[in-house]
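To keep things clear, I will list the structure first and then write my remarks on it.
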Amino acid sequence: MRIETRAVHAGRRIDPATGAVSLPIHLSTTFERGPDGEYPLGFSYSRENNPNRAALEACLADVEGGSEALVFSSGLAVATALVQGLEPGDHLIAPDDVYWGLRKVIGGVFGKWGLETSYVDMTRADAVRAALRPHTRLIWTETPSNPLMKITDLAAIAQLARKAGPHIVTVCDGTFATPVLQHPLECGIDMVAHSTTKYLSGHSDVVGGALITRHPNYLFERARASQRYGGAVPSPFDCWLTLRGIDTLPYRVRAHSENALRVAQFLADHPGVETVHYPGLASHPGHAIAAGQMSAFGGMLSFQVRGSAQTALGVAARCHLFIRATSLGGAHSLIEHRASVEGPQTRTPQNLLRLSVGLEHPDDLIEDLAQALAG
Ligand SMILES: *Cc1c(COP(=O)(O)O)cnc(C)c1O
């Protein structure tokens with residue numbers, strides 16, 4: 001069945017006890033054993049599993065085309081669980097413009113584990129190949145990337161990892177694309193990670209993360225242990241909210257993509273704008289690859305104003321409709337000066353603003369940006 005149908009039905013069923021169409025929220029932390037001491041319905045204790053989490057995981061495995069999924073209390077808890085699965089001294093490869101929180105996980109939380117990390121330009125398969133070492137265990141990709149919207153050729157990365165040997169697991173952070181626009185597992189990538197905080201839940205009201213695997217592998221099993229015994233689990237209500245959001249995901253993502261393309265085209269023609277980073281524009285260096293591996297280009301874009309950090313901050317300050325806030329993927333349009341969020345070590349250009357284009361009417365969004373850029 002098509003994604004719109006699976007987004008509504010996968011993992012759900014009519015509640016056998018009440019006939020409820022919307023899955024009830026099961027707050028119980030503990031579940032009764034049978035007289036034989038077994039758990040006849042598969043649930044024992046809510047950290048290990050619960051009906052709302054099981055439904056969300058079944059839905060995500062289905063919409064992403066994987067064999068299994070795990071959900072976590074945040075997107076970064078997914079990254080933590082994966083990095084924790086590596087051995088001290090292992091080598092991993094990550095994009096040089098990786099989501100900044102992942103750098104904090106690798107260098108901060110796990111700094112003392114002595115992992116070796118190569119941050120490379122993932123848009124160049126030869127750079128990834130050159131970074132391989134005998135003890136490389138994980139290749140982390142993120143496409144489109146944050147905030148420069150760089151596009152990684154997922155099939156090329158999957159192929160070079162496969163050639164290098166079965167000891168390498170590939171992961172794609174697909175948060176910006178969602179399972180609607182891109183299918184990393186079909187490209188041969190082993191696992192997909194999402195911050196479900198963003199488009200999947202879609203309403204800026206719940207933090208969560210997911211890991212979906214194409215096939216069983218040791219890092220997925222270690223992530224499962226980290227979820228169950230490390231305990232970074234989402235609550236039943238978090239899972240319920242996220243699953244409710246997925247009902248409308250395909251339609252929302254299509255509208256986000258259409259609005260973002262309109263906004264990107266407006267900005268590209270504006271004299272106050274130096275560059276627009278949006279893979280849907282033919283001028284974007286990753287456009288051809290994006291057109292091949294995505295069905296539309298998503299709701300995220302960034303642009304560089306002509307001027308300084310102050311110019312960029314001035315544009316954000318004059319916006320009325322775009323809300324000055326971090327995060328992305330909700331109904332409201334958001335604008336953010338990434339360099340000030342990322343701090344003094346950032347590689348993000350100072351004149352760059354990132355937009356999460358929401359579900360408002362695109363003409364209203366364009367009018368807001370026009371008056372903000374006019375100064
Ligand atoms: C937000 C985000 C994360 C982290 O997710 P949280 O839910 O905030 O922990 C990871 N990757 C990308 C691309 C993100 O946008």
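The values are calculated or read from the model by the stated rules, or taken from the named source; none is laboratory data. The structure presented is a predicted model; accordingly, all values stated were derived computationally and were not measured. All Cβ positions, glycine included, derive from the backbone under ideal geometry; neighbour counts span all protein chains shown.
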Unmet requirement for Gly280, which otherwise passes all of (1) buried (at least 20 other Cβ atoms within 10 Å of the Cβ); (2) in contact (Cβ under 8 Å) with a residue 24 or more places away in the chain; (3) part of a loop (DSSP other than H, G, I, E, B): (2)
Take the residues in region 333-345 that are away from the ligand (no atom under 16 Å from the Cβ) and surrounded by fewer than 18 Cβ atoms within 10 Å (Cβ to Cβ), then tell me which one is nearest to Arg244 (Cα to Cα). Ser340
So Glu367 passes all but one of these: (1) over 30 Å from Ile157 (Cβ atoms); (2) buried (at least 17 other Cβ atoms within 10 Å of the Cβ); (3) more than 21 Å from the chain's Cα centre (by Cα); (4) not hydrophobic (A, V, I, L, M, F, W, C). Which condition number does it fail? (2)
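Take Gly42 and decide whether it is touching a residue at least 40 places away in the same chain (Cβ under 8 Å) and in the same structural domain as Ala225 (by TED's automatic domain parsing).
Taking the combined requirement at face value, the residue does not satisfy it.
Residue under question is Ala370, and the condition is that it be among the hydrophobic types (A, V, I, L, M, F, W, C), part of a loop (DSSP other than H, G, I, E, B) and either at pLDDT 95 or above or in contact with a His (Cβ under 7 Å, 6 or more places away or on another chain) (or both); does it hold? Even if it seems obvious, please write down each step before you answer.
Values: among the hydrophobic types (A, V, I, L, M, F, W, C): yes; part of a loop (DSSP other than H, G, I, E, B): no; either at pLDDT 95 or above or in contact with a His (Cβ under 7 Å, 6 or more places away or on another chain) (or both): yes.
No: the conditions fail for Ala370.
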Mind checking which residues of region 317-332 are closer than 16 Å to Gly272 by Cα and buried (at least 19 other Cβ atoms within 10 Å of the Cβ)? Cys319
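Looking at the structure I just gave you, is Leu200 modelled with pLDDT of 95 or more, within 14 Å of the ligand (Cβ to nearest atom), under 15 Å from Leu70 (Cα atoms) and in a loop (DSSP other than H, G, I, E, B)? Give the derivation first.
On the way: modelled with pLDDT of 95 or more: yes; within 14 Å of the ligand (Cβ to nearest atom): yes; under 15 Å from Leu70 (Cα atoms): yes; in a loop (DSSP other than H, G, I, E, B): yes.
Criteria met by Leu200.
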Would you kindly identify the helices (runs of 4 or more DSSP H) lying entirely within region 1-112 that contain at least 3 residues that are in contact with a Gly (Cβ under 9 Å, 6 or more places away or on another chain), within 16 Å of the ligand (Cβ to nearest atom) and among the small types (Gly, Ala, Ser)? 75-84
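Could you pull out the residue among Trp100, Trp140 that is at pLDDT below 95, outside the structural domain of Ile289 (by TED's automatic domain parsing) and surrounded by 17 or more Cβ atoms within 10 Å (Cβ to Cβ)?
Working: Trp140 fails: at pLDDT below 95.
Among Trp100, Trp140, only Trp100 is at pLDDT below 95, outside the structural domain of Ile289 (by TED's automatic domain parsing) and surrounded by 17 or more Cβ atoms within 10 Å (Cβ to Cβ).
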Scanning region 208-224 for residues that are surrounded by fewer than 19 Cβ atoms within 10 Å (Cβ to Cβ) and not charged (D, E, K, R), the one nearest to the ligand (Cβ to nearest atom) turns out to be Asn217
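I'd like to check something: does region 149-156 contain any residue that is at positive phi and within 15 Å of the ligand (Cβ to nearest atom)? So that I can check it myself, show each step before the final result.
Taking region 149-156 first, the residues at positive phi are 149.
Now drop any that are not within 15 Å of the ligand (Cβ to nearest atom), which leaves 149.
The answer is yes, given that some residue of region 149-156 is at positive phi and within 15 Å of the ligand (Cβ to nearest atom).
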Name, by its number, the condition in (1) within 16 Å of the ligand (Cβ to nearest atom); (2) buried (at least 19 other Cβ atoms within 10 Å of the Cβ) that does not hold for Thr117. (1)
Is it true that some residue in region 165-180 is assigned to a loop (DSSP other than H, G, I, E, B), of a type in the set (Val, Ile, Thr), more than 17 Å from the chain's Cα centre (by Cα) and within 15 Å of the ligand (Cβ to nearest atom)? no
Filter result for the condition that a residue is over 12 Å from the mean Cα position of the chain (by Cα) and of a type in the set (S, T, N, Q), over Ser145, Ser235, Ser201: Ser235
